[in-house]
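A.B. asks: For reference, the structure I am asking about is given below.
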Amino acid sequence: MSDWLSDTRLSYDTVASSYADRMRGALAGKPLLRGVLAMFAEAVLARGGPVADLGCGPGHITAHLRDKGLDAFGIDLSPAMIEIARRDHPGLRFGVGSMTDLVLPDRSVGGVVAFFSLIHVPDEEVPVALAQFHRVLRPGGVVLLGFHVGDEYRLKTEGYGGHPMKVRVHWRPVDRMAAWVRDAGLVVDARVVLEPDAPVPAGILLAHRP
């Protein structure tokens, strides 16, 4: 396993409980993010198929998508996160895995969500992940990406309750993310920046496999 994968897995295993506590109810105060997820849900429901929530963490987004009528399941690199997701959402499916090497059949899902989970993936590995998204999507399948907008990265050494971490956090321009998406063979349908005047704006890309 690559160093960045090992570091990310260990970091989120370490903070899993604190992170899950922080995420419970987090969407309640984020109407714009809920709106983006609703837009994605409408697009997937129009085409059909299960939805893979990649980098699902404790499963809060997976559960939200299920409540929107989607057949959603979650995959995360951290076994501790998956344990919490299974505990908190026993009616949903969760498994351990990496978005850069998905153990899913070709053309097997109608939607892919990577909601602020690509932020720890190195630049050179993002196209690898997006190629995996393209591979597992059915024609017409929809991708939703959420990411931090900017052009820098920082090493995060502590977080979520003061626990030690060792992960790089990437801020990326919307144009760069959109170019990577197109290079993966996907068609960009929408690009949005939420709270552009905030210290860390949120970038949203919605795309589909033609």
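A.B. asks: Could you state the accessible area per residue of the stretch 17-78 in Å², with a 1.4 Å probe and every protein chain left in place?
C.D. replies: Counting only protein heavy atoms, the per-residue value for the stretch 17-78 is 42 Å².
A.B. asks: Can you give the direction-averaged projected area of the convex hull of the alpha-carbon atoms in the stretch 87-210, in nm²?
C.D. replies: For the stretch 87-210, averaging the hull's shadow over all directions gives 8.9 nm².
A.B. asks: Further question on the same structure: Given a cut-off of under 8 Å on Cα pairs at least six residues apart, what relative contact order in percent is computed for the stretch 125-210?
C.D. replies: Over the stretch 125-210, the number comes to 38 percent.
A.B. asks: For the chain, what is the mean residue ellipticity at 222 nm derived from helices alone (per DSSP H run of n ≥ 4: -39500 (n - 2.57); sum divided by total residues; nearest 500 deg cm²/dmol)?
C.D. replies: -11500 deg cm²/dmol
A.B. asks: Please work out the average accessible area per residue across the stretch 132-210, using the 1.4 Å probe convention, and give it in Å². Walk me through the intermediate numbers first.
C.D. replies: On the way: 3780 Å² over 79 residues.
Accessible surface, normalised per residue, equals 48 Å².
A.B. asks: What is the distance, in nm, between label points placed 7 Å from the Cα along the Cα-to-Cβ direction at Val103 and at Asp175?
C.D. replies: About 4.1 nm, to one decimal.
A.B. asks: Another question, if that's okay. What nm distance separates the two modelled labels at Ala198 and Arg34, each placed 7 Å from Cα along Cα→Cβ?
C.D. replies: My value for the distance between the label points is 1.5 nm.
A.B. asks: In the stretch 65-154, what is the volume of the convex hull around the alpha carbon atoms, normalised per residue and reported in Å³?
C.D. replies: 119
A.B. asks: Moving to a separate point now. Suppose R0 equals 22 Å; then what is the FRET efficiency for Trp4 and Arg191 from their Cβ-Cβ distance, rounded to the nearest 0.05?
C.D. replies: Computed FRET efficiency for Trp4 and Arg191: 0.25.
A.B. asks: Turning to a different aspect of this structure: Relative contact order of the stretch 1-159, please, whole-number percent, based on alpha carbon pairs below 8 angstrom and at least 6 residues apart.
C.D. replies: 23
A.B. asks: Place the peptides 25-35, 110-120, 61-71 in order of packing, highest mean first, counting for every residue the other Cβ atoms within 10 Å and averaging per peptide.
C.D. replies: Numbers: 25-35: 11.9, 110-120: 23.4, 61-71: 19.6.
Going from most to least packed, we get 110-120, 61-71, 25-35.
A.B. asks: Would you mind computing, in nm to one decimal, how far apart the modelled labels at Asp123 and Arg87 are, each placed 7 Å from Cα along Cα→Cβ?
C.D. replies: Going from the Asp123 label point to the Arg87 one covers 3.9 nm.
A.B. asks: Grab the other residues whose beta carbon is less than 14 angstrom from that of His60, score K and R as +1, D and E as -1, and report the net.
C.D. replies: +3
A.B. asks: Here is a further query. Could you give each residue of the stretch 80-89 its phi-based ³J(HN,Hα) in whole Hz, using Karplus coefficients 6.51, -1.76, 1.60 with θ = phi - 60°, and x for Gly or Pro?
C.D. replies: So the J values, rounded to whole Hz, are 5, 5, 5, 4, 5, 4, 5, 5, 7, 9.
A.B. asks: With the full set of protein chains in place, find how many percent of the accessible area of the chain is carbon and sulfur; take the probe as 1.4 Å.
C.D. replies: With neighbouring chains kept in place, the figure for the chain is 52 percent.
A.B. asks: How big is the accessible area of Glu83 in square angstrom, nearest 10, if you roll a 1.4 angstrom probe over the protein chains?
C.D. replies: Around 130 Å² of this residue is reachable by solvent.
The values are calculated or read from the model by the stated rules, or taken from the named source; none is laboratory data. As the structure is a computational prediction, the values presented were derived from the model and not from experiment. Glycine also receives a Cβ, built like all others from the backbone with ideal geometry; neighbour counts cover every protein chain displayed. Just the protein is used for accessible areas: all its heavy atoms, side chains included, with ligands, DNA and RNA removed. Shrake-Rupley method; radii C 1.70, N 1.55, O 1.52, S 1.80 Å.
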